[in-house]
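Below is one structure, written out as structure tokens, with a few remarks after it.
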Amino acid sequence: MENDPIELWSIIDLLNPGYLKDQAWFQSKFLHGGTDEGDQLEQLKTLVSPFLLRRKKEQFVKELGLPEKRIIQHTVPLSDEQKILYEAVVNDLLIDYAELSLVEKRSRVFKAITKLKQICNHPAHYLKEPSIHRMMDRSGKWDLCLELLEKNWREGKRTLIFTQYRYLGNMLQQFILQEWGIEIPFFHGQLKIEKRKELIDKFQKEKKDPFLLISLRAGGVGLNLTAATEVIHFDRWWNPAVENQATDRVYRIGQKEAVTIHTFTAKGTIEEKMNQLIGEKLTMQDALLNGSASPIWKLDDEEMLALFSLRG
């Protein structure tokens, strides 16, 4: 379940057709009913619990011999350049928005989200600048990432950097090679299977590379990277399970050292809303629901403006 509580109905209906009646009944009973939300969740949990088998790693920390895990959430300001670019994208999004069809709204919203997340990462990411000579003091995320990497490098702590964007990973690769003389390996979906295995084996066994860049989707599951103890999530994913799976490349059986997880959020942007939704989803997942009942492209003009506009 990633995007909508109705996905729970779909899964249960596949396992046991008709058990939760139809979608209309499910929505009226558990998503739009007049009863208390807590009561709704308890009723739903009672109904679906016979079909669920769930074990969380947190329940078996001692049995698995796992060390301490610390999560640090960093909220960083946008630069003036980022604010100008951000507001321009929001203004473009809202032009004639009310007159668009649902399909057109959906397309425009997702294109805008991609642009805004790139701007939050770094103006050069959004603008696709060919040069990496002027990178500092233009993005709070970028400057903080370099600060953490330098600190970890000095202290001998090895670091994984997760990003959704290959372009950003390439920017970091080039900048750190140019400024620090360090070649950072980059695990992404375009690598052949043999190259992926070679890269991971080298990072784990030779333990020479201080950093490893990883595409979130390509490296989110199936890798053992316990040679690292630090994790940086440069940009956020809507579904918390994806980030948790990425973190678990480090925080897993075989890890003997304390692990620190850093997440970056651009202040006053849609990323703050995403961070809030991630927290809500984690809470709702424990109660078998996941997120908001309404997709964001169905928001009205005022709700859309409140979601995307820069805040103080």
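The values are calculated or read from the model by the stated rules, or taken from the named source; none is laboratory data. Computed from a prediction, not measured in an experiment: that's the story for all the values here. Reconstructed Cβ throughout: ideal geometry from the backbone, glycine too, with neighbour counts over all protein chains shown.
A few notes on this one:
- Lys208 being free of Cβ contacts under 8 Å to residues at least 60 places away in the same chain and either hydrophobic (A, V, I, L, M, F, W, C) or in a loop (DSSP other than H, G, I, E, B) (or both): yes
- Those residues of region 269-298 which are in a loop (DSSP other than H, G, I, E, B) and either modelled with pLDDT under 85 or over 17 Å from the mean Cα position of the chain (by Cα) (or both), in sequence order: Ala287, Leu288, Leu289, Asn290, Gly291, Ser292, Ala293, Ser294, Pro295
- Boolean, Gly34 is assigned to a loop (DSSP other than H, G, I, E, B), at pLDDT 85 or above and out of contact with any helix residue (DSSP H, G or I) (no Cβ under 9 Å at 6 or more places or on another chain): no
- Residues located in region 241-273, provided they are surrounded by fewer than 20 Cβ atoms within 10 Å (Cβ to Cβ) and under 26 Å from Leu305 (Cβ atoms): Lys267, Gly268, Glu272, Lys273
- Scope region 76-107; condition surrounded by 15 or more Cβ atoms within 10 Å (Cβ to Cβ) and free of Cβ contacts under 8 Å to residues at least 24 places away in the same chain; matching residues: Leu100
- Candidate set: region 47-67, residues that are within 30 Å of Ala227 (Cβ to Cβ) and part of a loop (DSSP other than H, G, I, E, B); chosen: the one modelled with the highest pLDDT: Pro67
- Checking each residue of region 218-236 against the condition of being in contact with a Phe, Trp or Tyr (Cβ under 7 Å, 6 or more places away or on another chain) and basic (Lys, Arg) gives no match.
- Flag for Arg158 being surrounded by 15 or more Cβ atoms within 10 Å (Cβ to Cβ), touching a helix residue (DSSP H, G or I) at 6+ places or on another chain (Cβ under 7 Å) and not polar (S, T, N, Q): no
- In the set Gln190, Gln204, only one residue is out of contact with any His (no Cβ under 6 Å at 6 or more places or on another chain), surrounded by fewer than 21 Cβ atoms within 10 Å (Cβ to Cβ) and under 23 Å from Ile261 (Cα atoms); that residue is Gln204.
- Considering residues of region 162-179 that are touching a strand residue (DSSP E or B) at 6+ places or on another chain (Cβ under 8 Å) and part of a helix (DSSP H, G or I) only, the residue nearest to Ala218 (Cα to Cα): Arg166
- Condition met for Asn224 (without any contact (Cβ under 8 Å) to a residue 12 or more places away in the chain and surrounded by fewer than 21 Cβ atoms within 10 Å (Cβ to Cβ)): no
- Number of the exception - Leu44 against (1) within 30 Å of Thr263 (Cα to Cα); (2) modelled with pLDDT under 80; (3) in contact with a Phe, Trp or Tyr (Cβ under 9 Å, 6 or more places away or on another chain); (4) of a type in the set (A, V, I, L, M): (1)
- Check on Leu177, out of contact with any helix residue (DSSP H, G or I) (no Cβ under 9 Å at 6 or more places or on another chain) and modelled with pLDDT of 95 or more: yes
- Filtered residues of region 228-257 (kept if at pLDDT 95 or above and over 18 Å from the mean Cα position of the chain (by Cα)): Ala228, Thr229
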